[in-house]
Amino acid sequence: MVAMNKKILKKYAELVVKTGVNLQKKETLVISAPVNAADLVEEIVLSAYKNGASDVEVLWNDEIVSKYGFKYKTKKQLAVIPEWEKIQRESFVEKKVAYMAIISDDPENFKGINPEKTAIYRRAKNAAFSKFRDYTSSNKIRWSLFAYPNKKWAKKVYPDLSANEAMKKLWQAIIDTARLSADDPVKAWEEHQNTLQSRCDKLNGAKIKKLYYKNSIGTDFSIGLPENYLFCGGAEAGVFDGVMFAANIPTEEVFSSPDRNSANGKLVAAMPLCRNGQIIENFWFEFKDGKIVDYGAEKGYDNLKSIIETDEGSRYLGEVALVGYNSPVRKQNTLFYETLFDENASCHFAIGDSYPNCVKGGGDMDENQIKAAGLNVSLEHVDFMVGTKDLSIKAETEDGKIFDVFIGGDWAI
């Protein structure tokens, strides 16, 4: 493993504590972390206590151990989530913890594993942790995702480099896109969040009824926004305390939740999707009145099928996100095989669950109210990228006016 210098680790830890979850005094912090990220975790724990945390809990994981479980357990075993795990997640809800998860996955870790096995486990876990998922997706718990490199991931991203050189380059990409090279990353993030918020304000003030997408690889698509929609981006507010936090580091998107029944036309993926340790390539969807009515993939079709067939809601869209083609992540000129990064290099959508806070008052709605507001509900939420250099996005307002949101793949507002 290539060690990162202590100064960067301290900056990273301070950023995710102060900007990521924006930890408040006397709060409990829970960190879900891979064992290979121990040096960063130690710095985060130290920073959290110095910033007044009452307690810090670390949930360690290892993807090789997970792979062995998928290989040797039966489908019946994988469908059962231990009761203690459910109780643990329920306790996080009761305590209203601040929650962060460190991502460090080998994109091909589950290569050769039956996609049906991973799908069964994913559905069981999502169902068992449904209340915790509701609290995070609706911002009742402040949460943040960020990355830590590993050699297998680095070699996948930079196959022509040695393992050590690939690790150094992936670390540098994380440093650049998380703005850790700034003298004060926390301040740099505040300025970045203000830029994203100004775009949200423009979109929210425009009273948009429908968005139209078109590009040269085959996307020809329209989607509506619900009444009282909200675009969010950069900093988000915790529902119970109003404290601002950054759910993703890095982030370059502004996003909303569409009208569940409004999607029509064809969306063609502009980038591969890595899901459950397996890669889906050259895939597309056809929509009619919101629902996926046809789809295909040159590689990973079974994996894609398992996502779409999770439940009724996984045949509909839950998120529409806008990212300029010339974002700092795109400028890396790299496919990261990790959604946290790749979604911030490209406009994207998500199959499945919506974000309730993307309509006014959504954070206080129950499932039936969310559906009544026009939003989608699902155990899944899977982002896929559609942004290209020539992507055009036009908006139609409630009073029938048309204006450009994106021209030539980038912001026109």
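The values are calculated or read from the model by the stated rules, or taken from the named source; none is laboratory data. It should be emphasised that the depicted structure is a prediction, and the values quoted were computed from it without experimental measurement. We place every Cβ from the backbone using ideal geometry, glycine too, and count neighbours over all the protein chains shown. Keep in mind that these areas ignore ligands, DNA and RNA; they rest on the heavy atoms of the full protein, side chains included. Shrake-Rupley method; radii C 1.70, N 1.55, O 1.52, S 1.80 Å.
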Exposure of ARG199 as accessible area (Å², to 10), given a probe of 1.4 Å and all protein chains: 60
Loop sites in segment 324-413: trypsin sites (Lys or Arg not before Pro), DSSP, at most 14 other Cβ within 10 Å: LYS360, LYS389, LYS401
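Over segment 323-396, what relative contact order in percent results from Cα pairs under 8 Å that are six or more residues apart?
Details: 91 pairs, mean separation 27.0, N = 74.
Relative contact order here is 36 percent.
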All lysines inside 16 Å of LYS152 as judged from Cα atoms, apart from same-chain residues fewer than 8 positions distant: LYS67, LYS111, LYS168, LYS169
Amide H contacts of LYS214 (H built 1.01 Å from N, under 5 Å, at least 5 apart or other chain): SER392
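Quick one: grab the alpha carbon gyration tensor of segment 115-163, order the square roots of its eigenvalues as a ≥ b ≥ c, and give me rounded if a/c is under 1.5, else prolate or oblate depending on whether a/b is larger than b/c. Don't jump to the answer; show the numbers that get you there.
Numbers: a/c = 5.13, a/b = 1.71, b/c = 3.01.
Oblate is the answer for segment 115-163, as a/c is 1.5 or above yet b/c matches or exceeds a/b.
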³J(HN,Hα) computed for each position of segment 8-16 - Karplus, 6.51 cos²θ - 1.76 cosθ + 1.60, integer Hz, glycine/proline x: 5, 4, 5, 4, 4, 4, 4, 5, 6
THR339, THR74, THR177, ranked by accessible area, largest first (probe 1.4 Å): THR74, THR339, THR177
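Using r as the Cβ-Cβ distance of ALA38 and ALA79, and R0 as 35 Å, what FRET efficiency do you calculate, to the nearest 0.05? Could you put the intermediate results ahead of the total?
Details: r = 32 Å, r/R0 = 0.91.
According to the calculation, E is roughly 0.65.
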Rel. contact order, % - alpha carbon contacts under 8 angstrom, at least six apart, the chain: 15
Segment 1-134, relative contact order in percent, only Cα pairs under 8 angstrom and at least six apart counted: 29
Residue-normalised accessible area of segment 322-403, expressed per residue, 1.4 Å probe, Å²: 38
Segment 102-107 - phi-based ³J(HN,Hα) in whole Hz, Karplus 6.51/-1.76/1.60, Gly and Pro as x: 9, 9, 7, 10, 7, x
Shape call, the chain: gyration tensor on alpha carbons, a/c limit 1.5: rounded
Estimated dipole of the chain in Debye, rounded to 20 [Cβ of Lys and Arg +1, of Asp and Glu -1, Cα centre]: 600
Amide H contacts under 5 Å for ASN61, placed H, 5+ residues apart: ALA33, VAL35
Rounded to whole Hz, the Karplus (6.51, -1.76, 1.60) HN-Hα couplings of segment 48-64, x for glycine and proline: 4, 5, 5, 9, x, 4, 7, 7, 10, 10, 10, 9, 7, 9, 8, 6, 5
Charge-dipole axis of segment 290-380 as Lys and Arg at +1 and Asp and Glu at -1 on Cβ define it, positive-most pick from ALA372, LEU322, CYS358: LEU322
Accessible-area order (highest first, 1.4 angstrom probe) of the listed residues ASP390, ASP302: ASP302, ASP390
Sequence of SER32, SER314 from largest to smallest accessible area, 1.4 Å probe: SER32, SER314
For VAL323, distant residues with modelled amide H under 5 Å away: CYS347, HIS348
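Computing the accessible area with a 1.4 Å probe over protein heavy atoms, can you report the carbon and sulfur percentage for the chain?
Details: 8380 of 17470 Å².
Looking at the chain in its full context, I get 48 percent from C and S.
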Highest-fluctuation residue, LYS299, LYS117, LYS76 considered, GNM on the chain with Cα pairs under 10 Å: LYS76
